[in-house]
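These notes are about the structure you will find just below.
Just so it is clear, none of the values below were taken in a lab; they were calculated from the coordinates. Predicted, not measured: the structure shown is a model, and the values here were computed from it. Quick reminder, even Gly has a Cβ in these numbers, built from the backbone with ideal geometry, and neighbours come from all protein chains shown.
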Amino acid sequence: MVWLGDECEGGGTRFPRLSLENGGRGDWCRFVECGEGKGGEEEDKGEDGEGKGVTFKPIKGNAVFWENIRSDGTGYEESWHAGLPVTKGTKIGLNIWSWYQEGYEPEKAGEEVKTEREG
């Protein structure tokens, strides 16, 4: 996820199954919501009452990368996420999907398309 525009309030990308070490103190607070009530989102509470979940702030020029699927085809539960509502203004984002397919060679695929067009 890449943020191209951030003239907004709200609109973070929330990963409810992740957690920040040390409660998100330090430099991370420039990039993620730190502490209860920040950005209008309520913190999830675990069984021990501690907050969990990470909300990345929509900051123009920043990006977050994550994998959804393991190589065996099963999903990472930690990658569950949601785009939170923008409460004021406009957020512009760009989703970039990456994938790997064993045996795929872009150069050969381009040649196959060229051959099909000529044939």
Query raised in the report: What is the fewest-to-most order of VAL64, VAL54 by other Cβ atoms lying within 10 Å of their Cβ?
Result: VAL64, VAL54
Requested in this report: Order the peptides 70-81, 85-96 from the highest to the lowest mean number of other Cβ atoms within 10 Å of their residues.
Outcome: 85-96, 70-81
Query - Estimated FRET transfer efficiency (SER19, THR90; beta-carbon r; R0 35 Å; 0.05) - result: 0.70
